[in-house]
Amino acid sequence: MPINDSWPSSIVSSLLEDSTVVVPEPLLKYYNRLGLTETEVMIIIHLLRWRQIEHDRFPSPEKLSQYLSMDSEEVKNILAGLIEKKLLSVEPYYSPVTGRWLNAFSLHNLWERLAQILTRESLLQTATSEQAATVDPGLGELYRIFEKEFGRPLSPIESSQLADWYHNANLSPELIIEALKRAVLRGALNFRYIDSILRDWIRHNIRTVQEAINYDDRLLSKKAGKKKASEASGEDKYRDLYRLDLQS
């Protein structure tokens, strides 16, 4: 029955709450570690909706695009990208309704990857840096480097943050260590500052230390050009720090 304006809001709210799609919480929490974008996550949520609500295991790109701000061709490309990342696959299943074998989107690999992350998280929550080395040698090495620079054991919150960086598909251990070096050299040895560096690199698609160095060179050149232009025009170099909108 269609919902219209004459229905009491309490009934509408109840109907909306009952028409829910189950989305595993770890997907929303750890999708960035799998290298998933927000758009890809939304596609996955819609696949879950079609399966749970519409009972359609293999919705076409045209069906999916009906409820997305993209056309079917874009949806098709995103689905292909998820398959390439080995987080989505197409598998046959037997339909008792039709009595035939049909294609179905499978998220089995995605759930397995998330299960691995949850297992590591559970182990790392109680692990010391020495124990972390046995769980994951690469992460254990990062623990040792950070604890050496900080001159103390990492706190549970810092350990969790370091694990998040390490498992982020967009960051390499070399980049994390490079961000740590910059924090040390600039006298800003804290996790918030290191996180700001790494987030900026992710935002600008920096994947290697050399790309980070080239990125810095471009920024320095840009700043130098602005400084020369400012000096040439006699502008106050502090003007932009306290800019006010004086337009009426």
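The values are calculated or read from the model by the stated rules, or taken from the named source; none is laboratory data. As the structure is a computational prediction, the values presented were derived from the model and not from experiment. Note that we place each Cβ from the backbone using ideal geometry, even for glycine, and neighbour counts take in every protein chain shown. Note: areas computed on protein heavy atoms with side chains; ligands, DNA, RNA excluded. Shrake-Rupley method; radii C 1.70, N 1.55, O 1.52, S 1.80 Å.
Report yes if some residue within the range 46-64 is in a loop (DSSP other than H, G, I, E, B) and acidic (Asp, Glu); otherwise report no.
yes
So is VAL21 at pLDDT 55 or above and part of a loop (DSSP other than H, G, I, E, B) or not? So that I can check it myself, show each step before the final result.
Details: at pLDDT 55 or above: yes; part of a loop (DSSP other than H, G, I, E, B): yes.
Yes: the conditions hold for VAL21.
Determine if the range 81-92 includes at least one residue that is hydrophobic (A, V, I, L, M, F, W, C), part of a helix (DSSP H, G or I) and touching a Leu at 6+ places or on another chain (Cβ under 7 Å).
Let us first name the residues in the range 81-92 that are hydrophobic (A, V, I, L, M, F, W, C), namely 82-83, 87-88, 90.
Then drop every residue that is not part of a helix (DSSP H, G or I), which leaves 82-83.
From what is left, the residues that are touching a Leu at 6+ places or on another chain (Cβ under 7 Å) are 82.
For the range 81-92, residues hydrophobic (A, V, I, L, M, F, W, C), part of a helix (DSSP H, G or I) and touching a Leu at 6+ places or on another chain (Cβ under 7 Å): present.
If you check GLU178, GLU149, GLU158, which single one turns out to be in a helix (DSSP H, G or I) and open to solvent by 40 Å² or more (accessible area, probe 1.4 Å)?
On the way: GLU178 fails: open to solvent by 40 Å² or more (accessible area, probe 1.4 Å); GLU158 fails: open to solvent by 40 Å² or more (accessible area, probe 1.4 Å).
It is GLU149.
Taking only pairs six or more apart or across chains, which ones have beta-carbon atoms under 7 Å, a first residue in the range 45-66 that is closer than 16 Å to LEU110 by Cβ, and a second residue that is loosely packed, with under 14 Cβ neighbours inside 10 Å and among the hydroxyl-bearing types (Ser, Thr, Tyr)?
Close Cβ pairs satisfying both conditions: HIS46/TYR67; ARG57/TYR93.
Can you run down the residue pairs with Cβ atoms below 7 Å, 6 or more apart or on separate chains, where the first is in the range 27-38 and outside any helix (DSSP H, G or I) and the partner is small (Gly, Ala, Ser)?
Short answer, once both residue conditions are applied: GLY35/ALA169.
Of the residues GLU25, GLU74, GLU121, only one is among the charged types (D, E, K, R) and open to solvent by less than 30 Å² (accessible area, probe 1.4 Å); which?
After ruling out the rest, the residue left standing is GLU121.
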